[in-house]
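Note sheet for the following structure.
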Amino acid sequence: MEVIRGVLVIYLTIITSVVNVEARYHYHKKQKNKAPPNNSPAPTYANPPQVVPSDPASPSISPPPPASTPPVPSDPYPNDPVDSSGCVFDVTSFGAVGDGSADDTAAFREAWKAACAVESGVVLAPANYCFKITSTIFSGPCKPGLVFQVDGVLMPPDGPEEWPKADSRKQWLVFYRLDNMSFTGSGTIEGNGEKWWDLPCKPHRGPDGSTMSGPCDSPALIRFFMSSNLVVSGLCIQNSPQFHMKFDGCEGVFIDKLSISSPKLSPNTDGIHIEGTKTVGIYNSLIANGDDCISIGPGCADVDIEGVTCGPSHGISIGSLGVHNSQACVSNITVRNVIIKESDNGLRIKTWQGGTGSVTGILFENIQMENVRNCINVDQYYCLSKACLNQTSAVYVNDIQYRTIKGTYDVRNTPIHFACSDTVACTNITMSDVELLPYEGELVEDPFCWNAYGTQETLTIPPINCLQEGEPVSVKESNKYDC
Ligand SMILES: *[C@@H]1O[C@H](CO)[C@@H](O)[C@H](O)[C@H]1NC(C)=O
Ligand SMILES: *[C@@H]1O[C@H](CO)[C@@H](O)[C@H](O)[C@H]1NC(C)=O
Ligand SMILES: *[C@@H]1O[C@H](CO)[C@@H](O)[C@H](O)[C@H]1NC(C)=O
Ligand SMILES: *[C@@H]1O[C@H](CO)[C@@H](O)[C@H](O)[C@H]1NC(C)=O
């Protein structure tokens with residue numbers, strides 16, 4: 001049934017894109033009346049999306065090629081940096097217009113289908129074009145070595161008004177069920193986020209600088225879901241309506257040389273968010289945005305972050321964890337050789353009261369702070385409403401090292417703050433070579449620690465005398481903190 005519906009839609013989109021060549025002005029109207037099944041609501045673990053794109057295992061259901069688009073890929077580009085054994089499927093050969101206003105969704109889907117079916121296939125969005133596509137799930141499984149290469153500009157519809165009614169408002173580009181895939185290029189993913197940031201439901205965007213109720217969903221720009229062995233590199237990703245990149249349920253992610261940017265006051269525009277994702281490297285990237293630079297949610301392990309510059313932003317955050325009494329496990333995270341500047345937070349671990357599980361094996365090393373509020377922060381009382389009650393359980397924070405953390409802080413907050421849970425202390429915190437000075441104004445002399453245990457290998461600046469030595473009487477009275 002799904003397959004039949006899928007084939008029908010593919011026919012429809014081809015017909016529409018053929019029509020598009022002659023009568024582009026009517027295209028948007030036609031498009032509004034369609035409800036492509038690939039735009040189902042955000043997929044979740046329990047409810048995977050129903051998707052059109054390619055099923056290379058069943059070539060017999062491929063629609064006949066339309067007369068106006070070549071059925072075979074164009075020749076590989078001789079100067080192309082990608083493996084020359086792969087075929088290049090240029091979206092313009094599939095009818096993409098790339099003028100910044102035509103809807104090129106159908107062409108991208110067809111190019112994806114073709115590239116997915118061959119080994120080392122390349123979907124190419126070439127330079128000097130600006131392509132617009134609507135919310136799409138690019139789905140596998142595909143042959144190994146697939147590359148989605150954007151050298152031009154790729155963008156979604158401009159704001160909630162232009163967003164097709166039937167499309168998901170939670171995500172735009174989704175890569176699903178892929179293994180051994182790269183998303184790369186020298187181009188730009190332009191999020192067209194401004195009209196979403198200005199919705200009255202967003203913090204302080206209402207008429208009197210208030211926040212109003214009303215529809216608030218805003219799409220994450222790029223999501224990788226239930227995929228493995230991914231490379232994301234080279235691209236400029238900007239002005240997302242919400243999170244710029246999100247990885248959930250993935251394993252084996254290598255991110256290199258990205259530039260992510262949106263304005264300092266753009267709400268919820270996290271740079272890179274990972275959850276339920278293991279074996280991740282994030283390297284050599286610049287991230288400036290209005291929320292967390294990198295956020296690490298429950299279920300992440302073996303994450304290595306190096307050579308990243310954050311700011312303005314809300315820093316690097318582990319959490320929030322343990323919401324609604326959930327179990328959260330985060331382990332083996334290294335953050336090294338990172339600059340954090342002009343940020344509301346530096347290195348933060350935030351957990352809710354009432355969770356279980358643990359955060360353990362975290363190393364922050366060689367971090368340069370420039371005018372940062374809350375440089376070092378563990379908050380086990382995280383709460384959005386100010387009405388959260390203390391509970392007897394909390395996600396256990398253990399084995400956290402802060403080594404060579406230097407630079408300047410914004411004096412509105414104490415630069416070092418460990419607020420650990422009453423019943424579940426933080427343990428084995430190591431401080432070594434921590435030197436933080438005011439960016440401007442008076443030294444803040446009152447670092448804060450509550451129920452925090454650990455050692456100072458060298459004296460910190462500002463000095464802390466509230467970190468307790470040794471072990472608390474009862475660290476783990478049950479196995480609910482095991483992961
Ligand atoms: C895909 O697999 C090949 C062969 O194992 C490897 O060389 C390549 O780096 C992989 N690519 C990605 C994106 O994982
Ligand atoms: C920790 O994660 C790194 C990758 O960041 C990995 O190479 C290493 O093997 C992991 N260590 C353990 C003990 O699993
Ligand atoms: C929760 O516990 C902390 C630490 O003991 C205390 O400062 C805070 O007031 C408590 N909050 C509530 C809502 O009881
Ligand atoms: C405390 O942390 C250090 C540094 O990560 C680690 O080597 C050690 O095993 C931890 N000790 C305990 C008791 O967990």
Would you mind stating whether I305 is within 16 Å of ligand 2 (Cβ to nearest atom) and farther than 20 Å from C483 by Cα? yes
Considering only residues that are under 27 Å from C216 (Cα atoms) and under 12 Å from the mean Cα position of the chain (by Cα), look in the range 251-268 and name the one that is nearest to ligand 1 (Cβ to nearest atom). I260
Within the range 272-314, take every residue that is surrounded by fewer than 24 Cβ atoms within 10 Å (Cβ to Cβ), of a type in the set (S, T, N, Q) and more than 15 Å from I367 (Cβ to Cβ) and give me the one that is farthest from ligand 4 (Cβ to nearest atom). N284
Exactly one of N428, N398, N413 is more than 16 Å from ligand 1 (Cβ to nearest atom), within 17 Å of N345 (Cβ to Cβ) and either in contact with a Leu (Cβ under 7 Å, 6 or more places away or on another chain) or not hydroxyl-bearing (S, T, Y) (or both), and that residue is N413
Kindly evaluate G311 against the criterion of being modelled with pLDDT of 95 or more and touching a Lys or Arg at 6+ places or on another chain (Cβ under 8 Å). yes
Can you tell me which residues in the range 269-303 are hydrophobic (A, V, I, L, M, F, W, C) and within 16 Å of ligand 1 (Cβ to nearest atom)? V280, I282
Across (1) within 16 Å of ligand 4 (Cβ to nearest atom); (2) under 19 Å from P312 (Cα atoms); (3) out of contact with any Cys (no Cβ under 9 Å at 6 or more places or on another chain), L347 clears everything bar (3)
Looking at T277 and the list (1) more than 21 Å from G315 (Cβ to Cβ); (2) touching a strand residue (DSSP E or B) at 6+ places or on another chain (Cβ under 7 Å); (3) of a type in the set (S, T, N, Q), which single condition is not satisfied? (1)
Scanning the range 308-347 residue by residue, those of a type outside the set (A, V, I, L, M, F, W, C), within 16 Å of ligand 2 (Cβ to nearest atom) and closer than 30 Å to L437 by Cβ turn out to be T334, R336, N337
Determine, yes or no, whether G193 is at pLDDT below 95 and either surrounded by fewer than 19 Cβ atoms within 10 Å (Cβ to Cβ) or closer than 24 Å to F247 by Cβ (or both). no
Spans of strands (runs of 3 or more DSSP E) in the range 118-158 with at least 2 residues within 15 Å of S182 (Cα to Cα) and within 16 Å of ligand 1 (Cβ to nearest atom): 122-125, 146-150
Got a number for residues in the range 354-365 being more than 16 Å from ligand 2 (Cβ to nearest atom) and surrounded by fewer than 23 Cβ atoms within 10 Å (Cβ to Cβ)? 2
How do the pairs read when you match residues in the range 162-179 that are at positive phi with residues anywhere that are part of a strand (DSSP E or B) and not charged (D, E, K, R), using Cβ under 6 Å and keeping only pairs 6 or more apart or on different chains? R177/S139
Failed criterion for N374 (all others in (1) farther than 17 Å from C426 by Cβ; (2) crowded, with 21+ Cβ neighbours inside 10 Å; (3) touching a His at 6+ places or on another chain (Cβ under 9 Å) hold): (1)
Those residues of the range 433-456 that are within 17 Å of I405 (Cβ to Cβ) and acidic (D, E) come to a total of 2
Quick count over the range 115-137, residues being within 17 Å of C87 (Cβ to Cβ) and crowded, with 21+ Cβ neighbours inside 10 Å, is 7
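The values are calculated or read from the model by the stated rules, or taken from the named source; none is laboratory data. The model shown is predicted, which means the values in this text are computed figures rather than measured ones. Using ideal geometry, Cβ is built from the backbone for each residue, glycine included, and neighbour counts are taken over all protein chains shown.
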